[in-house]
C-alpha cells in the first residue's frame, strides 16, 4: 500500500512542504519515486510520520527525533505527559494495528482503555479520532475493506454490548430516526449516536445501514419523527447527496435532518430543514442542547 505526500499531510497534520524539508534534512523518511518522479510512501513510513508528528507537537526537536531508533520513538510517545498526548498516540497505534491487520493487538489496546475509562469516554476521545483518520484513508482508497471491517466489527461488538446494558427509553418525544442511505455501510458513527441518545433517555429508532428510501418514507408516515440523523463516511457512487436529502425532506417535511461525516465536509447548499455538522462532537453538543 502506498500514500502520496498530500495523503500524509491529511493524516498527520504536517504540511506537505514541511514533509519535503524534513526529507531533505533528516533520515526518518525515505519515499520511493514513481517513473514520473512522484513521491510515494509505504505503511511503515506513514506510521513513522505519525509518531514523529506527535513527538514534534509535544516539544521534541526534529533533529533529536531523527537520531532516535524507532523503538526509542515509541517509548518516548508512551512517556509524553498529559492525557491528550497519550490518546493521540493510542489513535496512531490503532491505525497501525488496522493497517497491519493485527486484530488481537487492536482489541487488547481497546479493552485496556475501556477498562480504565468506560465505553462513552473511549468512543468520544479515542474512537472518534480513530474514525476520522479511517475516513481519510477510506476517501483516498488507502485501506482495503478487510482492514476496516475487522476493526469496525471489534468496535461494534463493544458498542452493542454497552447498548444492551442501557434501560429502555420511557419517553415518546422527541423521536430520532437513525439511518444510512442504500449502499452506505459504515455505521460506527451512527451506532455511537444511537448509544448516546439511548443513554440520554431520548427515544430513537435505529434503521442502520443500507436503508431504501421507500422504507424511510413508510416509517416517517407511521411515526412522524422530529429528527432524522445520518453520518456519512463515504458516499455511494450513484448517490446525489443533495437530491437524496431533498427526497428525504419531502418524506418528512416537519423533521429536522441532521447530517455529519467526512463525506459532507464539502457540502452542497443546505436545505431549510437540514443541519450539517463538521464532526460527531458537534452532533453531541447539539444533542446535549436538547436537554
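Coordinate-derived values only; no laboratory data. Everything quoted here is computed from the prediction, not taken from an experiment. Reconstructed Cβ throughout: ideal geometry from the backbone, glycine too, with neighbour counts over all protein chains shown.
Here is how the numbers come out for the structure above:
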| quantity | calculated |
| --- | --- |
| Förster-model FRET efficiency, 41 Å R0, residue 75 and residue 234, C-beta, rounded to 0.05 | 0.70 |
| The chain: angle of helix 280-289 to the longest principal axis, Cα-based, in degrees nearest 10 | 40 degrees |
| Length released on extending from residue 185 to residue 103, taking residue separation times 0.36 nm less the Cα-Cα span | 27.5 nm |
| Förster radius 45 Å - calculated FRET efficiency between residue 121 and residue 223, Cβ distance, rounded to 0.05 | 0.90 |
| Within the chain, percent of DSSP bridges classed antiparallel, to nearest 5 | 15 percent |
| Peptide ranges 144-151, 244-251, 188-195, 166-173 listed from the most packed, as the mean C-beta count within 10 angstrom indicates | 188-195, 244-251, 144-151, 166-173 |
| Efficiency of FRET between residue 200 and residue 154 - r from beta-carbon atoms, R0 22 angstrom, step 0.05 | 0.30 |
| C-alpha long axis of helix 103-117 to longest principal axis of the chain, angle in ° | 70 degrees |
| With 10 Å bins from 0: P(r) over region 5-162, alpha-carbon pairs, percent | 9, 39, 35, 14, 2, 0 |
| Rg and Dmax [Cα atoms of region 138-291; Å; Rg one decimal, Dmax integer] | 15.1, 44 |
| Label-point gap, in nm, between residue 57 and residue 213 - each point 7 angstrom along Cα→Cβ | 4.0 nm |
| Degrees between helix 16-25 axis and first principal axis of the chain (Cα, 0 to 90, nearest 10) | 20 degrees |
| Residue exposure sequence - 1, 98 - by fewest surrounding Cβ within 10 Å | 1, 98 |
| Virtual paramagnetic centre 7 Å along Cα→Cβ of residue 18, amide N under 19 Å, in region 112-153 | 133 |
| P(r) of the chain over all Cα-Cα pairs, binned every 10 Å from zero, in whole percent | 6, 26, 31, 22, 12, 4, 0 |
| Rounded Å value of the spacing that divides the Cα centres of region 116-182 and region 47-82 | 29 Å |
